[in-house]
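The numbers here are math on the coordinates, done by the rules we state, and not lab data. Treat the numbers as computed from the prediction; the structure is a model and nothing was measured. Please note: Cβ atoms are built from the backbone with ideal geometry, for glycine as well, and neighbour counts cover all protein chains shown.
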Amino acid sequence: MVRSASTLGVALGSLALVAACSGSSESSTTVAVVTTTTQPPTPRIDDGTLRIGALIPAGDTAVGAALTETAQDAVDAVNQAGGVLGNEVELIIGDEGGSADDAQQAIETLIDQDVDAIIGPTSSNNALGALDAAVGAGVVSCSPSASAIALDNFPDDGLFFRTIASDSLQAVAIAQQAELTGARRIAIVHIDDAYGRPYAQAVADEIGIAELTTIAVAVGDEDLSNDVTSVLTSEAPVIIVLGDGGFIAQFLTAVGERSAASITRVIVNDAGRSVEARPVIAELPDDLRERIVGLAPQIVLPVTDDDPDPAPFAAQVDDCVNLISLAAVQAQSDNPGVIATQMASVSAGGRPCTSFEECKIGLDERQINYNGPTGITDLGRNGDPDRAWFDRFVFDSDGADEPDDVDRVVVEFR
């Protein structure tokens with residue numbers, strides 16, 4: 001199945017995985033080009049035991065520990081509710097490493113251990129470079145954090161799913177925020193690479209009646225004065241800046257060096273809140289910094305009494321484990337190809353439920369609609385979320401992001 005659209009890019013830094021060149025960022029604007037040598041999937045044997053492999057970036061000890069604990073807790077909850085097909089689900093942890101080659105090796109090792117499904121890869125670049133191994137083996141994959149647009153059309157034979165919102169959906173969120181300003185002219189500034197070009201096009205496609213000016217900034221360009229001039233000449237009061245944290249910071253610095261009172265709103269993607277952008281944003285003129293707003297997929301749930309310190313991507317990892325497990329229950333099979341046919345089905349269109357235990361009981365009676373910790377888990381036919389929560393953030397005087405007055409919004413393809 002070819003995935004239709006409407007990295008991690010997620011940066012695995014500390015416990016805040018921030019998305020590809022976007023709010024979460026693997027913070028590089030380099031995005032792999034999809035090439036595939038995928039062969040027809042190897043037939044899988046249904047042995048009655050669901051085995052899930054989890055790719056964890058073990059090199060980052062804080063992130064690795066948090067994601068390992070989250071995956072184990074999710075599998076434990078499934079097993080405490082009776083497991084799948086009368087047997088306990090087995091969890092096997094693999095080290096994703098720091099490159100696509102490392103991730104491919106880890107996937108092949110998990111395949112040798114007879115996993116039926118894989119949680120990951122976490123990184124968009126690793127997913128683009130290593131998914132062939134999983135697809136070729138006929139194994140289901142579910143990434144909680146790889147958001148790149150390039151994965152929308154990955155040739156996955158219907159075996160790859162995501163519980164993180166694609167950057168295609170983030171493009172919708174950004175376009176909606178721009179339209180809410182009422183501006184009749186909007187300028188889109190983006191890094192001119194394999195990440196920035198499709199992202200900018202996706203945002204442009206979602207903007208309705210406004211007159212658009214698109215400015216592509218060459219990779220490595222140190223002098224952005226001409227690009228800022230192009231923005232000011234466009235007379236657009238609203239500008240959208242798309243790139244990794246370094247690029248966003250660089251462009252905003254160039255804007256801050258000019259008299260830019262005509263710009264009333266600056267909208268940035270999720271990488272605007274990355275660690276590398278923070279000190280630069282802190283040095284911007286106050287009146288410019290106060291005009292910046294960002295959009296990012298919600299990767300950390302709100303704090304509650306039950307969970308005072310929620311981990312990044314915990315909800316998305318839970319969703320992957322539960323969707324795979326529920327799909328296997330509904331299919332009455334641990335065959336990956338059969339599980340894949342039920343993933344979207346258990347996520348929409350039936351009776352709402354929020355946990356594996358509750359949903360498993362519901363499957364005995366009727367079709368279910370698994371909603372998970374966020375309350376929204378609707379997979380479309382292409383295996384990606386059709387709608388999701390997005391954080392809206394602004395910046396304080398130290399350059400740190402903080403929730404806006406409207407701290408989060410639901411966004412869906414329109």
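Could you list Arg289, Arg273 in order of exposure, starting from the residue whose Cβ has the fewest other Cβ atoms within 10 Å?
Arg289, Arg273
Tell me, what HN-Hα J-couplings in whole Hz come from the Karplus equation 6.51 cos²θ - 1.76 cosθ + 1.60 at θ = phi - 60° for each residue of the range 133-148, using x for Gly and Pro?
The phi angles translate into 5, 5, 5, x, 8, x, 9, 6, 10, 9, 8, x, 8, 7, 9, 4 Hz.
Could you check the spin-label model distance between Leu180 and Arg351? Points 7 Å from the Cα along Cα→Cβ, value in nm.
Taking the simple label geometry, Leu180 and Arg351 are separated by 3.6 nm.
log₁₀ I(q)/I(0) of the range 278-413 at q = 0.15 Å⁻¹, via Debye over equal Cα point scatterers, no solvent, to two decimals?
Reported log10 I(q)/I(0), two decimals: -0.78.
For the range 187-226, what is the largest minus smallest coordinate of the Cα atoms on each principal axis, given in angstrom and ordered from greatest to least?
33, 22, 6
So what are the three principal axis dimensions of the chain from its Cα atoms, in whole Å, longest to shortest?
Per principal axis, max minus min of the Cα coordinates gives 68, 43, 40 Å.
Could you give the semi-axes, largest first, of the ellipsoid that matches the range 160-229, computed as the square roots of 5 times the alpha carbon gyration tensor eigenvalues and rounded to whole Å?
So the three semi-axes of the range 160-229 are 22, 19, 8 Å.
Roughly speaking, what is the centre-to-centre gap between the range 197-251 and the range 123-145 when only Cα atoms are used, to the nearest Å?
31
In debye, nearest 20: dipole of the chain around its Cα centre with unit charges on the Cβ of K, R (+) and D, E (-)?
So the dipole magnitude of the chain works out to roughly 1240 debye.
In which sequence would Leu284, Leu326 go, from the one with the fewest C-beta neighbours within 10 Å to the one with the most?
With the sparsest Cβ surroundings first, the list reads Leu284, Leu326.
Run the helix sum for the chain: -39,500 (n - 2.57) per DSSP H stretch of 4+ residues, divided by residue count, reported at 222 nm to the nearest 500 deg cm²/dmol. Display every interim value, and only then the final one.
Values: 12 runs with 134 residues, N = 414.
Computed ellipticity for the chain at 222 nm equals -10000 deg cm²/dmol.
Report the dimensions of the range 304-371 along its three principal axes from the alpha-carbon atoms, largest first, rounded to Å.
Result for the range 304-371: principal-axis Cα extents of 37, 24, 17 Å.
For the residue pair Glu402 and Asp192, what label-to-label distance in nm results when each label sits 7 Å from Cα along the Cα-to-beta-carbon direction?
Result: 3.9 nm between the two label points.
Amide H neighbours of Phe313 under 5 Å, at least 5 residues apart or on other chains, H built in the peptide plane: list them.
Sorted by chain and number, the residues that satisfy this are Val300.
How long are the three semi-axes of the equivalent ellipsoid for the range 218-344, computed from the Cα gyration tensor as the root of 5 times each eigenvalue, in whole Å, largest first?
Semi-axes (√(5λ), whole Å): 43, 18, 13.
If I model a spin label at Thr68 and Thr341 as a point 7 Å from the Cα along the Cα→Cβ vector, what separation in nanometres do I get?
3.7
Given an 8 Å cut-off on Cα distances and at least 6 residues of separation, report the relative contact order of the range 353-414 as a percent.
Here the relative contact order equals 23 percent.
Under the 0.36 nm per residue contour assumption, what length would be gained going from the current alpha-carbon distance of Asp287 and Asp306 to full extension?
2.9 nm
Using θ = phi - 60° and the Karplus form 6.51 cos²θ - 1.76 cosθ + 1.60, what ³J(HN,Hα) does each residue of the range 339-344 get, whole Hz, x for Gly and Pro?
Whole-Hz 3J(HN,Hα) from phi for the range 339-344: 4, 4, 5, 10, 4, 5.
Between Gln332 and Gln201, what's the calculated FRET efficiency when r is the beta-carbon distance and R0 is 45 Å? Round to 0.05.
My answer for the efficiency is 0.60.
Quick one: 3J(HN,Hα) in Hz for the range 285-301, Karplus 6.51/-1.76/1.60 with θ = phi - 60°, rounded, Gly and Pro as x.
Listing the rounded values in order: x, 3, 5, 6, 4, 6, 9, 9, 9, x, 10, 8, x, 6, 10, 10, 5 Hz.
5 Å is the cut-off here: which amide hydrogens, built 1.01 Å from N in the peptide plane, fall below it relative to Ile188, excluding neighbours closer than 5 in sequence?
Thr213, Thr214, Ile215, Ile240
Under 8 Å for C-alpha pairs, at least 6 residues apart: give me the relative contact order for the range 259-381, rounded to a whole percent. It would help to have the intermediate numbers written out before the result.
Numbers: 150 pairs, mean separation 21.7, N = 123.
About 18 percent, as a whole number.
Going by how many other beta carbons lie within 10 Å of each one, how would you line up Ile368, Ile164, fewest first? The partial results should precede the final answer.
Details: Ile368 25, Ile164 31.
Going from least to most buried by this count: Ile368, Ile164.
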